[in-house]
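Read through the structure below, which is laid out as structure tokens, and then see the notes.
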Amino acid sequence: MANMKNVPVEKETEAAAAFEGTAANPQWGGRFASGPAAIMSEINASIGFDRILWRQDIRGSLAHAAMLQKVGLLTQTEENEIRQGLGDIAGEIAEGRFEFSTALEDIHMNIEARLSDRIGEAGKRLHTARSRNDQVATDFRLWVRDAIDGIQGQTQSLMRTLAKRALEFYSTPMPGFTHLQVAQPVTFGHHLLAYVEMLARDSGRLADARTRMNECPLGSAALAGTSFPIDRRMTAGALDFDRPTANSLDAVSDRDFALEYLSALSIQAMHLSRLAEEIVQWASAPFGFVRLSDAFTTGSSIMPQKRNPDAAELVRAKIGRIMGNLVGLLTVMKGLPLAYAKDTQEDKEPVFDATEAMTLCLAAMDGMIRDLQPNADRMREVAGMGFSTATDLADWLVRELRVPFRTAHHVTGRLVGLAEEKGCDLSDLSLAEMQAVEKDINASVFDVLTVEASLASRTSEGGTAPANVRQQAESWLARLGESA
């Protein structure tokens, strides 16, 4: 999505120029006798960023016009003229021929003024039974709803990529960490599937937010509804909303849908940041677990050997601006009385910016996961470090010798200490050395002290046993509409 901030505004339209120096906005009518100060125009206008809403604004106007015709507030001829005029304007904007005006403040007034230029009186009738308050609330909901659909598609694409790579490496050992210390062996596939689960929850949050926001404010007018005999259910249906909003005061002032969307994006960005951090670690020389492709790394201006994981680092950083946008909008909204206040003009840029950032993050992460190459030998080597099979030894003592787990934990700890003193792994201790700590240990204990045996034993539901991982990867791919 293109960045809409600080987009230069083209020359004034004929309608705006005709009123220059006489009114702050020519659409306001006779209330104001003189124009605003230059700084007022600058702070008041939103066309530099809200022009991104043009598709939603035209769609809402088409639905409103059809409803006005149905209830007798427009003739069929007038609706036809409006429909044709809005279609022509959509073409002008799409082709870059539309002349936006700061004097007209926002996308709604720009389109309405241009429509009146093109078709005359019929265009001036379009605003019957609506206000910019319910108009912008509707347009913004439509935009956020479209954005959610786009993010959902990208999220599922990344989930498919992760699940495919998990199936590819369902049995490849790697170290599992707690406190960033080697804890127990897991498989690389199991690790990747953990992020599929996170993204699934992210997707669920976005779906929930979409369901909650899918009510249509159009027809709430400025704040109190309208005296015209409108059909709000018709416009709601035409715009694919589930129903009209129930309270006109709430409808024009509510921005919960934007806050909930930003909240969901913030949690998702946090998940992507965690994965990005792991990629940065894995790609470093001390780890050496993965190699990133040239497509997602950069070099150094002074060190020719460097391969910097810049794409991962930037994904890791994006949580700052996405979460900052959430906090910013919460701060804007926290003290606003009912109903509408101009403060809510500050709602759009945070949402646009966060959407752009998340769109980029998902695309970059999808590419990195698709391209990265694991170093299976190195991961297998580290998976066996740090006495990672100690828990398997304790479990063996409980299972085979019927030792209470706390006793088994103590015995295993003494054996780890002995191996540490000798500078060897648990499997390198002799049977006699083990029996000196626990006399009933027998030679079968060595069968559980390998990485592969540890992995194979973790068969509990959700565990890292390769058979489990393979089944889970295949299950996710099926759910995501992808053949294993």
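The values are calculated or read from the model by the stated rules, or taken from the named source; none is laboratory data. All values derive from a computational prediction rather than experimental measurement. Here Cβ is always computed from backbone atoms with ideal geometry, including for glycine, and neighbour counts include all displayed protein chains. Note: areas computed on protein heavy atoms with side chains; ligands, DNA, RNA excluded. Shrake-Rupley method; radii C 1.70, N 1.55, O 1.52, S 1.80 Å.
Quick check: at a probe of 1.4 Å, how many percent of the accessible area of segment 84-175 sits on carbon and sulfur atoms? Its accessible area is 42 percent carbon and sulfur atoms. Compared with the direct C-alpha span, the chain from ARG233 to ALA341 gains 36.3 nm at full extension, assuming 0.36 nm per residue.
If R0 is 60 Å, the Cβ-Cβ spacing of ALA38 and THR450 corresponds to a FRET efficiency of close to 0.20. Measuring spread by the Cα atoms of segment 38-126 yields a radius of gyration and Dmax of 13.5, 43 Å.
For segment 347-403, the Cβ-based charge dipole about the Cα centre amounts to some 400 debye (Lys, Arg positive; Asp, Glu negative; other atoms uncharged).
Rounded to 0.05, the FRET efficiency of the VAL327 and LYS439 pair, given R0 = 51 Å and the Cβ-Cβ distance, is 0.25. Of the residues ILE47, LEU249, GLN69, the one whose Cα sits farthest towards the positive end of the charge dipole of the chain is LEU249 (charges of +1 on Lys and Arg Cβ, -1 on Asp and Glu Cβ, taken about the Cα centre). Here the dipole of segment 205-269 is about 40 debye; that uses its Cα centre as origin and unit charges on the Cβ of Lys and Arg (positive) and Asp and Glu (negative). Along segment 212-220 the Karplus relation, 6.51 cos²θ - 1.76 cosθ + 1.60 evaluated at θ = phi - 60°, assigns HN-Hα couplings of 5, 7, 7, 10, 9, x, 4, x, 6 Hz to successive residues, with x for each Gly and Pro.
Quick one: pull the percent of accessible area on segment 276-356 belonging to carbon and sulfur, 1.4 Å probe, ligands and nucleic acids left out. Looking at segment 276-356 in its full context, I get 59 percent from C and S. Along the charge dipole of the chain, Cβ charges K/R +1 and D/E -1, which of GLY87, GLY153, PRO337 sits furthest on the positive end? The residue sitting most towards the positive pole is PRO337. If R0 equals 22 Å, the separation of the Cβ atoms of LEU180 and GLU421 corresponds to a calculated FRET efficiency of about 0.35. Taking other residues whose beta carbon is less than 14 angstrom from the beta carbon of MET67, and scoring Lys, Arg as +1 and Asp, Glu as -1, yields +3.
Across the options VAL136, LEU180, GLY96, the greatest Cα extent toward the positive end of the charge dipole of segment 66-188 (unit charges at beta carbon of Lys, Arg, Asp, Glu) belongs to LEU180. Put simply, the convex hull of the Cα atoms in segment 382-480 casts, on average, a shadow of 7.1 nm².
Rolling a 1.4 Å probe over the protein heavy atoms leaves GLU168 with an accessible area of roughly 110 Å².
Computed with every protein chain present, the accessible area of ARG83 is close to 100 Å² [probe 1.4 Å]. Over segment 292-358, accessible surface divided per residue gives 52 Å², non-protein components excluded, 1.4 Å probe. Computed over protein heavy atoms with a 1.4 Å probe, the accessible surface of segment 81-171 works out to 33 Å² per residue.
Structural descriptor for the chain: relative contact order 17 percent, calculated from alpha carbon pairs under 8 angstrom and at least 6 residues apart.
Going by the alpha-carbon gyration tensor, a ≥ b ≥ c the square roots of its eigenvalues, is segment 141-203 rounded (a/c under 1.5) or, if a/c is not under 1.5, prolate (a/b greater than b/c) versus oblate? Cα axes put segment 141-203 in the oblate bin.
Residues in segment 382-480 average 52 Å² of solvent-accessible surface per residue, probe 1.4 Å, ligands and nucleic acids excluded. For segment 382-480, the fraction of 1.4 Å probe accessible surface lying on carbon and sulfur atoms is 51 percent. When you count the other C-beta atoms within 10 angstrom of each residue and take the mean per peptide, 284-293, 62-71 line up highest first as 62-71, 284-293. The Stokes-Einstein estimate for the chain, based on a Kirkwood radius over Cα pairs and taken at 10 °C with 1.306 mPa s viscosity, is a diffusion coefficient of 60 µm²/s. This model, with +1 at the C-beta of Lys and Arg and -1 at the C-beta of Asp and Glu, gives the chain a dipole about its Cα centre of some 480 debye.
Near the amide H of VAL186, within less than 5 Å, lie the amide hydrogens of MET174, GLY176, all on another chain or at least 5 residues away, with H placed in the peptide plane.
Computed with every protein chain present, the accessible area of LYS422 is close to 110 Å² [probe 1.4 Å]. Dividing the summed helix terms, -39500 (n - 2.57) for each DSSP H run of n ≥ 4, by the number of residues in the chain produces a 222 nm estimate of -19000 deg cm²/dmol to the nearest 500. Exceeding 32 Å between C-alpha atoms, which entries from my cross-link table qualify? They are LYS124/LYS342; LYS70/LYS334; LYS124/LYS348. In this structure, LYS70/LYS334 lie more than 32 Å apart at Cα.
Which shape class, rounded, prolate or oblate, goes with segment 225-268 when its Cα gyration tensor gives a ≥ b ≥ c as root eigenvalues, a/c under 1.5 marks rounded, and past that a/b bigger than b/c marks prolate?
oblate
In this rough spin-label picture, where each label sits 7 Å from Cα along the Cβ direction, the ALA363-ARG97 distance is 2.8 nm. The protection proxy used here, the mean number of other Cβ atoms lying within 10 Å of each residue, ranks peptides 373-385, 447-459 as follows, highest first: 447-459, 373-385. Proximity of backbone amide H atoms, modeled 1.01 Å from N, is registered between SER46 and ASP106 at under 5 Å, excluding neighbours fewer than 5 places apart on the same chain.
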